[in-house]
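The values are calculated or read from the model by the stated rules, or taken from the named source; none is laboratory data. Quantities reported herein were computed from a predicted structural model and do not represent experimental measurements. Methodologically, a virtual Cβ is constructed for each residue, glycine included, from the backbone with ideal geometry; neighbour enumeration extends over all protein chains shown. Note: areas computed on protein heavy atoms with side chains; ligands, DNA, RNA excluded. Shrake-Rupley method; radii C 1.70, N 1.55, O 1.52, S 1.80 Å.
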Amino acid sequence: MGKKEILLIRHGQGDHNRLFAENRTEEALALRDPALNDIGIQQAENLGVKLKEQLRKFDLELIITSPMRRTLMTTDHVFGKETSYPVIVSSIPTEMGHGECDYGSKKSQISKDFPHRDFSLIESEKWWTDLETQEHLEERVEDFKKFLNSRPESRIAVVSHGRFLTELVGIGQFCAFGNCDCKQYTLSKDGTLTDSGGIFIRVDNLWEKWQKS
C-alpha cells in the first residue's frame, strides 16, 4: 500500500476549552468527558459546510474518531449521523490523559449514547489511561501510524484532540490545532507525516487570540 492522505480534525469547543482559555485550569480539568458547548456545535457545523465541497475532490473512504464525547459529537455535526463513509471508533487517538476532562465514559455508556457508531474496536469498559506519561503518548502516536497504514483505505479523516494531533504531526508545541481545525497530511509507509499543502480549514476565530494571551 502506498501513501495515504489523512484529514486531521480537532474536536469543537467544549466548556473545558473555554475554562482553560480563561485560566480556570482546575475547573477545566474537573469536567468529566465534556460535551461540545453551543460554540463547539456551531464550529463543527461550520466546518461541515466548508468541508462538503472539498470532500467531493478528496474521495474520503473512512472516518476514525476517538471515543470521547466531544469527538463523537464533532463527527456527528461535521459529517452527519448517517454518512456514506464508514465510521469507526478507536481509543488510540484519544487525548493525553491528565485530568477528568481527558478521561472518557465507560464503553457501555458512551456506546449507548451514540448507538449509530461502531465501538467494536474498544475492548474494555475503561479504555483511557489515567495520568498518561509523555512516553506513553508517543507510543500511542506510533501505534496509530501503524494502524492507519494497516487500513486498506487510502483517504481517511481522523477526528481527535489537540495534544494528540500535535504530537502526531511532530510540531514542537503543546497544541497546534484550533478547535475544529481541519488539515490535510500525507502519511508514508515509514510513518512519516508531512503537510500535503492540501485542505486547510479554520473556523475558530479566537484561536490566534487565545494563543497570544
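By the rule of a C-alpha distance below 19 Å, with chain neighbours fewer than 8 residues away ignored, the lysines paired with Lys189 are Lys3, Lys4, Lys145, Lys146.
Take the Cα of Glu135, step 7 Å toward its Cβ, do the same at Phe58, and the gap between the two points is 3.6 nm. Give me the net charge for the shell around Ile156: Cβ to Cβ below 14 angstrom, other residues only, Lys and Arg +1, Asp and Glu -1. Local charge sum for Ile156: +3.
Only protein heavy atoms count here; on that basis, with a 1.4 Å probe, Lys112 has an accessible area of about 150 Å².
Amide H contacts under 5 Å for Asp118: Val89, restricted to partners 5 or more places along the chain or on a different chain, H placed in the peptide plane at 1.01 Å from N. Taking GluC sites (Glu not before Pro) across region 29-112, the ones in a DSSP loop with at most 15 further Cβ atoms lying within 10 angstrom of their Cβ are Glu82. Using the rule -39500 (n - 2.57) for each DSSP H run of four or more residues, divided by the residues of the chain, the 222 nm mean residue ellipticity is -11500 deg cm²/dmol.
Overall, the anisotropy analysis places region 20-68 in the prolate class: the square-rooted eigenvalues a ≥ b ≥ c of its C-alpha gyration tensor yield a/c not less than 1.5, with a/b exceeding b/c. Taking amide H as placed 1.01 Å from N in the peptide plane, the amide H of Gly104 sits under 5 Å from that of Trp128, each at least 5 places away or on another chain. Per-residue Karplus couplings for region 35-50, computed as 6.51 cos²θ - 1.76 cosθ + 1.60 with θ equal to phi - 60°, are listed in order as 7, 5, 8, 4, 5, x, 4, 5, 4, 5, 5, 5, 4, x, 5, 5 Hz, Gly and Pro entered as x.
Under 5 Å between amide hydrogens, built in the peptide plane, is the criterion, and for Gly14 it picks out Asn37 among residues at least 5 positions away or on other chains. Beta bridges per DSSP, both residues in the chain: antiparallel share near 45 percent. Spherically averaged projected area of the convex hull of Cα atoms, region 66-172: 6.9 nm².
Under the rule a/c < 1.5 gives rounded, and otherwise a/b versus b/c splits prolate from oblate, where does region 1-112 land using the Cα gyration tensor? Note, shape of region 1-112 comes out prolate.
The chymotrypsin sites (Phe, Trp or Tyr not before Pro) of region 136-175 that meet both conditions, a loop assignment by DSSP and at most 13 other Cβ atoms within 10 Å of the site Cβ, are Phe174. Report, in whole Å, the centroid distance computed from the Cα atoms of region 86-154 and region 10-44. Rounded to whole Å, the Cα centres lie 19 Å apart.
Using a Förster distance of 22 Å, how high is the FRET efficiency between Lys146 and Gln173, based on the Cβ-Cβ distance and rounded to 0.05? Plugging the Cβ-Cβ distance into 1/(1 + (r/R0)^6) gives 0.35. Per-residue extension of 0.36 nm, minus the Cα-Cα distance of Thr186 and Ser108, leaves a gain of 24.6 nm for this segment. Converting phi to 3J(HN,Hα) with the Karplus coefficients 6.51, -1.76 and 1.60 and the offset θ = phi - 60°, region 184-198 yields 9, 10, 10, 9, 8, 5, 8, x, 6, 10, 10, 5, 7, x, x Hz in sequence order, with x at every glycine or proline. Would the chain count as rounded, prolate or oblate if I go by the C-alpha gyration tensor, calling it rounded below 1.5 in a/c and otherwise prolate when a/b exceeds b/c, oblate otherwise? Note, shape of the chain comes out rounded. For region 139-146, putting each phi into the Karplus relation 6.51 cos²θ - 1.76 cosθ + 1.60 with θ = phi - 60° gives couplings of 5, 5, 4, 5, 4, 6, 4, 5 Hz, in residue order, rounded to whole numbers and with x for Gly and Pro.
Exposure check, 1.4 Å probe, all protein chains in place: Lys126 carries approximately 100 Å² of accessible surface.
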